[in-house]
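Chemist: I have a structure I would like to understand better, so I am pasting it below and will then ask my questions one at a time.
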Amino acid sequence: MVVFKTVREVRDFCQEGKSKGKSIGLVPTMGALHEGHVALVKKSLEENGITVVSIFINPSQFNNRNDLNKYPRNMEADIQILKGLSVDCIFAPDVNEMYPAPDERLFNFGSLDKTMEGRFRPNHFNGVAKIVSRLFQITEPDRAYFGEKDFQQLVIIKHLAKILNYDTVIVPYPTVREKTGLAQSSRNKLLTGKQRANAAVIYLTLMEAAGKTDLPVSTVRDWVIGKINENPHLDVEYFEIADRETLQPSHPRERTGNGHVGCIAVKAGEVRLIDNILFNK
Ligand code: AMP
């Protein structure tokens, strides 16, 4: 396994691999790796000749400096995990390498980034698009792997690949969870034991909501928010039931069923957790 810090090295590495007929799989991450990341990496290893895992905490997608400063970092452990999986290449640039000049691009995602995360984290998806487009231009991946845990991000990246005419196939991966049901997240490392145990309520409630497909959207929405807010350790920032493709909020009187996704953000103390559920009936 090679660990590169420069754009030139990783670009040459990928181009050389391609010239030998190998396909490139890219797994973009911000490090502090967990089983969710590992699952994406394993899928890429299965499907590609070369797997590149990027580890870069992208400042342009943080709208809160404190959140950026506190974001978990664990490069040594990450390298060991990826070595154990026989990943071909880690790309871990510093900020100046990734952004040698200010990147002032503004992406237009139409209505996709006006709801949910986009509403509570202004410019977040614009920052995500800056880094993902750069990584795509550098590595020219055949496939790139993204988790359904960040559902809105996945939809926006599929859209980005279309508006920028990338050939890269965007491969989604289902959310990997802890035993309690809590979605794996680097931010879980910031939770106290008590918060972590209580955070399991988020997915348990979403699962229960998934059975309420005969009820109207507004009823299910209010029920989920009320149920989670009953827990003194948790505070719902939003729970929105939306169309899975357009991400537009579903009509309050519409029946909650097939084609809908329920996306949630919850604060456990200072830690912000997100999750989602697909309604399938
Ligand atoms: P991050 O390092 O949090 O930016 O995540 C890197 C990639 O891993 C993104 O595509 C995430 O959606 C994905 N990911 C994060 N957590 C999970 C999870 N629990 N299950 C599956 N994929 C995940």
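The values are calculated or read from the model by the stated rules, or taken from the named source; none is laboratory data. Please read these numbers as outputs of a predicted model, since none were measured by experiment. All Cβ positions, even for glycine, are placed from backbone atoms using ideal geometry, and neighbour counts span all protein chains on display. Ligands, DNA and RNA are stripped out before the accessible areas are found, and what is left, the full protein with its side chains, is counted by its heavy atoms. Shrake-Rupley method; radii C 1.70, N 1.55, O 1.52, S 1.80 Å.
Chemist: Each residue of the range 41-46 in order: what ³J(HN,Hα) in whole Hz does its phi give by Karplus 6.51 cos²θ - 1.76 cosθ + 1.60, θ = phi - 60°, with x for Gly and Pro?
Modeler: 5, 4, 5, 5, 4, 5
Chemist: Same structure again: Using the structure shown, list the pairs from LYS83/LYS162; LYS83/LYS179; LYS22/LYS83; LYS194/LYS227; LYS70/LYS194; LYS212/LYS267 with a Cα-Cα distance above 22 Å, or answer none.
Modeler: LYS83/LYS162; LYS83/LYS179; LYS212/LYS267
Chemist: What ³J(HN,Hα) values, in whole Hz, does the Karplus curve 6.51 cos²θ - 1.76 cosθ + 1.60 give for the range 21-31 when θ = phi - 60°, with x put for Gly and Pro?
Modeler: x, 8, 7, 10, x, 10, 10, x, 9, 10, x
Chemist: Going 7 Å from the Cα of ASN123 toward and past its Cβ, which residues in the range 129-168 have a backbone nitrogen under 15 Å from where you end up?
Modeler: Correct set: 129-131.
Chemist: Mind listing the long-range amide H neighbours of TYR238? Cut-off is under 5 Å, sequence gap 5 or more, other chains count too, H placed in the peptide plane at 1.01 Å from N.
Modeler: Counting only residues 5 or more places away or on other chains, the set is ALA265.
Chemist: With θ taken as phi - 60° and the coefficients 6.51, -1.76 and 1.60, list the Karplus ³J(HN,Hα) couplings across the range 262-278 in order, rounded to whole Hz; mark glycine and proline as x.
Modeler: Here the 3J(HN,Hα) series is x, 10, 9, 10, 9, 9, 10, x, 8, 8, 9, 10, 10, 7, 7, 9, 9 Hz.
Chemist: Show ARG253, ARG272, ARG221 ordered by accessible area, largest first, where the area counts protein heavy atoms only and the probe is 1.4 Å.
Modeler: These residues rank, largest area first, as ARG253, ARG221, ARG272.
Chemist: When the solvent-accessible surface of protein heavy atoms is calculated with a 1.4 angstrom probe, in what order do LEU247, LEU204 fall, highest first?
Modeler: LEU204, LEU247
Chemist: Given H placed on each backbone N at 1.01 Å, which residues far from THR256 in sequence or on other chains put an amide H within less than 5 Å of it?
Modeler: Residues meeting the criterion, in which the H sits 1.01 Å from N, are LEU215, VAL217.
Chemist: About the Cα centre of the chain, what is the dipole size in debye to 20, counting +1 per Lys and Arg Cβ and -1 per Asp and Glu Cβ, all else neutral?
Modeler: 220 debye
Chemist: Residues with amide H under 5 Å of GLN248's amide H, sequence separation 5 or more or different chain, H placed in the peptide plane at 1.01 Å from N; which?
Modeler: ASP243
Chemist: Averaged over all directions, how much area does the convex hull of the C-alpha atoms of the range 186-274 cover when projected, in nm²?
Modeler: Directional mean of the projected Cα hull area for the range 186-274 stands at 5.7 nm².
Chemist: Using Cα pairs closer than 8 Å and at least 6 residues apart in sequence, work out the relative contact order for the range 2-173, in percent.
Modeler: Averaging sequence separation for qualifying contacts and normalising by length gives 30 percent for the range 2-173.
Chemist: Another question, if that's okay. Please give the length that would be gained between ARG244 and ASP214 if that part of the chain were fully extended, namely 0.36 nm times their separation in residues minus their C-alpha to C-alpha distance (nm, one decimal).
Modeler: 9.0 nm
Chemist: Within the range 175-215, whose backbone N sits under 15 Å from a point 7 Å along Cα→Cβ of ALA77?
Modeler: The answer is 184-193, whose backbone nitrogens lie closer than 15 Å to the label point.
Chemist: Can you tell which of GLY262, GLY49, GLY193 shows the greatest fluctuation in a Gaussian network model of the chain with Cα springs below 10 Å?
Modeler: Among GLY262, GLY49, GLY193, the largest mean-square fluctuation in the Gaussian network model of the chain belongs to GLY193.
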